[in-house]
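What follows is a single structure, and I will ask about it in a moment.
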Amino acid sequence: MARSKAYVASVGFTKVGDHWEKSLLDLAVEAGSSALKGAPKAKPDVLIVGNMFSAVGASQEHLGAMVAGALGLTGIPAFKVEAACASGASAFNVACSLVKSGSVGSALVVGVEKMRDLEPEEASQALAMAESAEYTQFVGASFAALNGLLARYYMESEGVSRDELSSIPVIDHANGVTAEHAQFRKAITADVVSRSSMVADPLRLFDCAPVGDGAAAALILGDPKAGAGKKLVGVLGGAVSTNEFSVYERKDMLDFRATRDAFGSAMSQAGLSLPKLGALEVHDAFSVVGALSLEAMGLSKRGEGCRDAKAGKFDLRSDMPINTFGGLKARGHPVGATGVYQIAEAFLQLTDAAGKNQVDRPDYVATHNIGGVDTTAAVHVFGRAS
Ligand code: COA
């Protein structure tokens, strides 16, 4: 096993969904304090909050000091990392870098987003901020619309059918049924996806990640002894990469270069080849994004991501299970928190604490979190530490 100098000691998270009665801060504190309780002897030296649009969604900035104070951590450095929907994993990446550099001995990462307080058109506008204000937002293109164009191009150029496109949401919803923290816990068929209401042709309701509230947290340690005998998970590799800002600037829209580069770098730091992975949490905000990501990471050949999913290659009981707690479609996608949920889920898998969603004793799990349309990609590779 590759040596690791950063370890996840504990995680915490809220259920994803409508939390009308809770504020952004309530959610962050619930997840953060649950992670802190999991390793009571370890006091974090720094707090990093992953969040995309608290200013718009909750009229609140300065989340670092605010969440630190509410968690009883006043005095430590605390700040927010923003990288659109990749904010959560980017915050984790910064925290790991600080721990691995030796600048701090431990770090708490909290990913949080409150989306449901916004009217649907306000949420859509907030999400569109991941794209250019001057060009994309200016012409009124929503995030779903951009991904709809991408999906149409993908289907036509690679010969992907509507039925095949529906395959990844079907896997997500099947895995979400037994995931207690998932927003949607109902299995669906490909037919249900392709008959659901149209959002942005060809993308339908079940092709799109829902809007939801949630928070997740992870406590990172540099010294495994500080975990006081608890089961730890090693952070074996981690990388963040970027693509040309907008899809229309790219030579090949179907090449998710940021994902490819970040995944290649994280796997090489971990010294692992693909067959070693026991599970992967993939950022499938829209069906097409899941397929293109699987292809960029080399799990499927070009144009084959949906077909492989349809053939069962990524089912929970396969050799390469994806989105073991329902992924972005069923667990949900509270944008700035999603990357930390994925990391928490990898932790559960590697500590054999995934309950009915446990995959067959994986030694290594990877997580993949995107901001924009593959504009930022953050990938981490985890392994059992003992
Ligand atoms: N599974 C099951 N039910 C779902 C669902 C899903 N994946 N998504 C939505 N629903 C249900 C809702 O619970 C709701 O049911 P109800 O009427 O019984 O309450 C119904 O479908 C409509 O959902 P709602 O959220 O009100 O739909 P909407 O029309 O306001 O929004 C989208 C639908 C797809 C436009 C919106 O969820 C969206 O914009 N998603 C994309 C978010 C995004 O871009 N994220 C960033 C990507 S990186």
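Enter the accessible area per residue of the chain (Å², integer; probe 1.4 Å; all protein chains in place).
Accessible area per residue, the chain: 37 Å².
So what is the 222 nm mean residue ellipticity for the chain from helices alone, if each DSSP H run of at least 4 adds -39500 (n - 2.57) and you divide by all residues, rounding to the nearest 500 deg cm²/dmol?
After summing the helix terms and dividing by the residues of the chain, the value is -10500 deg cm²/dmol.
Per the 1.4 Å probe, what fraction of the accessible area of the chain, in percent, lies on carbon and sulfur atoms?
So the carbon and sulfur contribution to the accessible surface is 54 percent.
Additional query: Report the gain in length on full extension from residue 21 to residue 187: 0.36 nm times residue separation, minus Cα-Cα distance, nm rounded to one decimal.
Difference between extended and current length: 57.0 nm.
I've got another one for you. Estimate the FRET efficiency between residue 119 and residue 353 by the formula 1/(1 + (r/R0)^6), using the beta-carbon distance for r and 51 Å for R0, to the nearest 0.05.
0.85
A further question on this structure: How charged is the neighbourhood of residue 332? Take every other residue with its Cβ under 14 Å from the Cβ of residue 332, and add Lys/Arg as +1 and Asp/Glu as -1.
Its environment carries a net charge of -1.
Whole-Hz Karplus ³J(HN,Hα) for segment 178-186, in order, using 6.51 cos²θ - 1.76 cosθ + 1.60 and θ = phi - 60°, x for Gly and Pro?
Couplings: 9, 9, 5, 8, 6, 5, 10, 10, 10 Hz.
Same structure, new question: Normalised by the residues of segment 260-386, what does the relative contact order come to in percent, with Cα pairs under 8 Å and at least six apart?
31 percent.
Label residue 311 and residue 74 with points 7 Å out from Cα along Cα→Cβ: what is the distance between them in nm?
Simple spin-label model gives 6.0 nm for this pair.
Mind listing the long-range amide H neighbours of residue 10? Cut-off is under 5 Å, sequence gap 5 or more, other chains count too, H placed in the peptide plane at 1.01 Å from N.
Counting only residues 5 or more places away or on other chains, the set is 219.
So if we plug the beta-carbon distance of residue 228 and residue 360 into 1/(1 + (r/R0)^6) with R0 = 41 Å, what FRET efficiency do we get, rounded to 0.05?
Efficiency at R0 = 41 Å is approximately 0.90.
From Cα pairs below 8 angstrom and at least 6 apart in sequence, can you work out the relative contact order of segment 22-103, rounded to a whole percent?
Rounded, it is 32 percent for segment 22-103.
Turning to a different aspect of this structure: With contacts defined as alpha carbon pairs under 8 Å and 6 or more residues apart, what's the relative contact order of the chain in percent?
Averaging sequence separation for qualifying contacts and normalising by length gives 26 percent for the chain.
The values are calculated or read from the model by the stated rules, or taken from the named source; none is laboratory data. Note that the coordinates shown come from a computational prediction; the quantities given were computed from them, not determined experimentally. Positions of Cβ are generated from backbone atoms using ideal geometry, with glycine treated the same way; all protein chains shown enter the neighbour counts. Note: areas computed on protein heavy atoms with side chains; ligands, DNA, RNA excluded. Shrake-Rupley method; radii C 1.70, N 1.55, O 1.52, S 1.80 Å.
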